[in-house]
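Chemist: Here you go, one structure.
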Amino acid sequence: MDSSLSLVRHGTTEVSERRANGEEKSSFEQGSGMVSFIPGVDEIAQIHCYITRYKLHNGLDFFADILKWEFDIFRYHKEVDLILPAVALACLEGFHVLDDFNLDIERVMFFCEKINLGYRRPYYERYKNGPANGIGIHTSNMFDLWGKHLWMQEPESCLDEHHHEGLSGKLKKAPHPSKLNRIAGGKSFGLRSMGSSTKLNIAAASPRQPNDPDMENCMCPYHNALHAADVVQALCVFVNQEHFPLLSPIDFLSLWFAGLIHDYDHPGVNNKFLIVTEHPISLVYNDLSVLENFHAATSFHVLLTHNFMDFLKREEYLSFKHHVVEMVLATDLGHHFDFVKKMDKELKENDGKLSVESTLAAAIKSADISHPLRELHIHEEWSNRISAEFYAQGDLERDLNLPVICMMDRNDKNASIGKSQMGYISFVVKPLLTPWSQLIKMDVLMENCDENFANWKALQETEATMADSLH
């Protein structure tokens, strides 16, 4: 990236300590109570109020807490209405990026709020009196609208304004899902048969009727704004480590941006599902990192109309965009093992060091899959949430006569969240996070990981013992 910028370390522990002691104030006022974003009134005034008067009930400096690995995103989510914009802005302010580029705070907040809305689209429904973790969720009619603005050349705003007020305060009704059939039907795993143009509507395939009074709309339980905020916060912790390579302001801004948008407008199903069902978005991207390409493309589309990056020259902006897209594409788990091999090779050939580009890619990948490295209660909540999405996808696959793998089949008696997480930790998390934690010298990451794995293993052994005693 741009090496002409001086390399500096932002938001050091010393800075956060001075702020925590009251010696250096952030732009967020401290005190009791909090200020929430109130929709339906003057948005600009509210955003200004939200930034300049942001408070936490315990009076601590928000940024100082963000720099701690034990940061509990779920606790703060209960205290702050818009946790993603709050974390995103605190990171820019805390690492002095707002000052470095003289960014317009209100324009940054408009962009963050727009991204926040994209993460909150209600593609699912859950039983109103069901469990808090949403294990019983099913796709809603809104699910049929996902990605339509890209392949039907209709404005993205119709998705936002269907459930949220736009800046004009007016609502637009989204097209009826029956007009947006998106899954190709056929006898072979739901694919289009040779010479057939028949299509299957997911809403019609579901045994539950639309607008079920016992259901309520909800966003993806895992791939939502809370996950994005969690990733941005993890990135800040990584960057603030003494052994993390020094970044230029533009490097940090690109990493921040990639973390913010890396799962933007996620539908809650994986790339394989979109490819096998021949979703039009998979055709747009030729089955290559479908979701990751979609997240990046649609986020930069949002930036076109909510641009706070116009301080960059054209060549600088294109370079910024290129690096952001590369980081988002790196989060595709379909290429995870190839990335780990390349990372290990680079570390061996370069005396245990990575290039800036490899460091940024490894950072966002590590942050994206880091929930098994959090404290146990946080890891368990994320585990329940991802299982909810997996089971919902499994339901869709069953409706379409597609094969359902064990960890996505809620009806499989041999499946369990514990088994799924133990496999995830062993085969996905540890191969990347072990060298990463050694690189930035964060022992707590693998300590938590080992503790969480041991907890799942003990739970499995207890369940097996109880099952044996019943026979």
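Readers should treat all values here as calculations from the given coordinates under stated rules, not as data from a laboratory. Worth saying up front: this structure is predicted, and the values here are computed from it rather than measured.
Chemist: Equivalent-ellipsoid semi-axes (√(5λ), Cα gyration tensor) for the range 348-418, whole Å, largest first? Show your work: numbers first, answer last.
Modeler: Values: eigenvalues 230, 54, 22 Å².
Result for the range 348-418: semi-axes of 34, 16, 11 Å.
Chemist: Can you tell me the Rg and Dmax of the range 369-471, counting just the alpha carbons, in angstroms?
Modeler: Cα only, the range 369-471: 15.6, 50 Å (Rg, Dmax).
Chemist: Through the Karplus equation 6.51 cos²θ - 1.76 cosθ + 1.60, θ set to phi - 60°, convert the phi angles of the range 389-403 into ³J(HN,Hα) values in whole Hz; use x for Gly and Pro.
Modeler: For the range 389-403, the Karplus curve yields 5, 4, 5, 5, 5, x, 4, 4, 4, 5, 4, 9, 6, 8, x Hz.
Chemist: Over 18 Å between Cα atoms, which of Lys68/Lys114; Lys68/Lys419; Lys321/Lys353; Lys353/Lys441; Lys114/Lys365; Lys78/Lys365 qualify? Kindly include the intermediate steps, with their values, before the conclusion.
Modeler: Numbers: Lys68/Lys114 27 Å; Lys68/Lys419 29 Å; Lys321/Lys353 25 Å; Lys353/Lys441 13 Å; Lys114/Lys365 24 Å; Lys78/Lys365 27 Å.
In this structure, Lys68/Lys114; Lys68/Lys419; Lys321/Lys353; Lys114/Lys365; Lys78/Lys365 lie more than 18 Å apart at Cα.
Chemist: Gap in Å between the Cα centre of the range 417-450 and the Cα centre of the range 280-306?
Modeler: 30 Å
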